[in-house]
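To start, the structure under review is shown below, and the notes come after it.
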Amino acid sequence: LGEYTSFLPLNPRGRQGIGGRGLLGKWGPNHAADPIVTCFNPETNDLEILMIERTDTPGIWALPGGMRDKDECLSKTVIRELKEETNAILDISDAKLVYKGYTADQRNTDHAWLETAAYHFHIDEDKRNILVNTMVAADDACKVKLIIADDSNPDYKFMYGGHYDF
């Protein structure tokens, strides 16, 4: 990068120790959307959250979600990514935007970083039953499941990137 680094965007959280774009597709902010799908287990009354195991980070659970396509609004991104990775179909009007901005991600570099919009969907028992009977891991996901949202659950506590913070 040499003499051109003064013209490159700079990560707003400071140096990350890696120059260039790294694994991210664009210089500067790379926009993504993450659905947070929660429900209560009708048998145990435990709060559950829909999670995926990503193919690129085996053994670590993550929220489904992904990068915004060119000229796509983030509310469409969150619905598309949810469908692509879990086969779940939800209505954006049932969601609440709970976070929008910079997110900690292992792919962030000095000149490219991830910014996300996290949308929360809380579904009822009927929608949970449909979800359980139709969810399938696909696209970037190799596994999908509902996990108990409790800090004593290591799958929940130690999830991918900044997902736990959402």
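Using Cβ point charges alone (K and R +1, D and E -1), the dipole size of the stretch 52-125 about the Cα centre works out to roughly 180 debye.
Expressed as a whole percent, the accessible area of the stretch 5-156 that falls on carbon and sulfur atoms is 51 (1.4 Å probe).
Pull up the DSSP beta bridges for the stretch 21-150 and report the antiparallel fraction as a percent, rounded to 5.
Roughly 65 percent of the DSSP beta bridges within the stretch 21-150 come out antiparallel.
Just one of (i) 61, 35, 25; (ii) 50, 42, 29; (iii) 39, 34, 29 is Cα extents along the principal axes in Å as worked out from the coordinates here. Which one is it? Here the calculated entry is (i). For the stretch 58-166, GluC sites (Glu not before Pro) meeting the loop criterion (DSSP other than H, G, I, E, B) and having at most 15 other Cβ atoms within 10 Å: Glu72. In the chain, the longest principal axis of the Cα atoms and the axis of helix 125-134 are about 70 degrees apart. Only the Cβ atoms of Lys and Arg (+1) and of Asp and Glu (-1) were treated as charged; on that basis the dipole of the stretch 1-77 about its Cα centre amounts to roughly 520 debye. Between Ala33, His122, Leu23, the Cα set farthest toward the positive side of the dipole of the chain (charges on each charged residue's Cβ, about the Cα centre) is that of Leu23. Net charge of the neighbourhood of Gly101, taken over other residues with C-beta under 13 Å away and scored Lys/Arg +1, Asp/Glu -1, is -2.
How far is helix 74-86 tilted off the main Cα axis of the chain, in degrees rounded to 10, range 0 to 90? Approximately 60 degrees, to the nearest 10. Here's how it looks for Trp61: its modeled amide H is under 5 Å from those of Tyr160, which are all 5 or more places away or on a different chain.
Placing a label point 7 Å from the Cα of Lys143 along the Cα-to-Cβ direction, the residues of the stretch 53-84 whose backbone N falls under 11 Å of that point are 53-54, 58-62. Dipole size of the stretch 7-166 about its Cα centre, with +1 on Lys/Arg Cβ and -1 on Asp/Glu Cβ: approximately 720 debye, rounded to the nearest 20.
The values are calculated or read from the model by the stated rules, or taken from the named source; none is laboratory data. Being a predicted model, the structure only gives us computed values, none of them experimental. Glycine gets a Cβ as well: all are built from the backbone with ideal geometry, and neighbour counts include every protein chain shown. SASA here: full protein model, heavy atoms, side chains in, ligands and nucleic acids out. Shrake-Rupley method; radii C 1.70, N 1.55, O 1.52, S 1.80 Å.
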